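Derivation of every value follows stated rules applied to the coordinates shown; laboratory data play no part. Here the structure is a predicted model, which is why all the values come from computation and not from measurement. Cβ placement follows ideal geometry from the backbone for every residue including glycine, while neighbour counts extend to all protein chains displayed.
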Amino acid sequence: MSTKAMAWAFEKEVSAEVWVIFLTLAHEADDTGLVVFSREYLSHLTDEPPGGSRPL
């Protein structure tokens, strides 16, 4: 988990759905802030459809 990425996510003024995605990405980031995983894995983590087919 990258604390720098988490702090960045907490500062953003976005919808709750986008904020959850930002926090999920920050939680999965390494110390440099790099995140590498598939859309399917992100969909699994957030319970959102892969590819963002549902409007936020």
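Which whole number in µm²/s is D for the chain by Stokes-Einstein, with the Kirkwood Rh taken over Cα pairs at 25 °C and 0.890 mPa s?
This corresponds to a translational diffusion coefficient of 211 µm²/s.
Within 10 Å of each candidate Cβ there may be at most 15 other Cβ atoms; applying that plus a DSSP loop requirement, which trypsin sites (Lys or Arg not before Pro) in the chain survive? Mind dumping the intermediate values first?
Values: sites: 4, 12, 39; in loops: 12.
Those that pass, being in a loop and sparsely packed, are 12.
Considering amide H positions built from the backbone, and no H for Pro or chain starts, which residues 5 or more places from residue 2, or on another chain, come under 5 Å of its amide H?
When sequence neighbours closer than 5 places are left aside, the close amide H contacts are 29.
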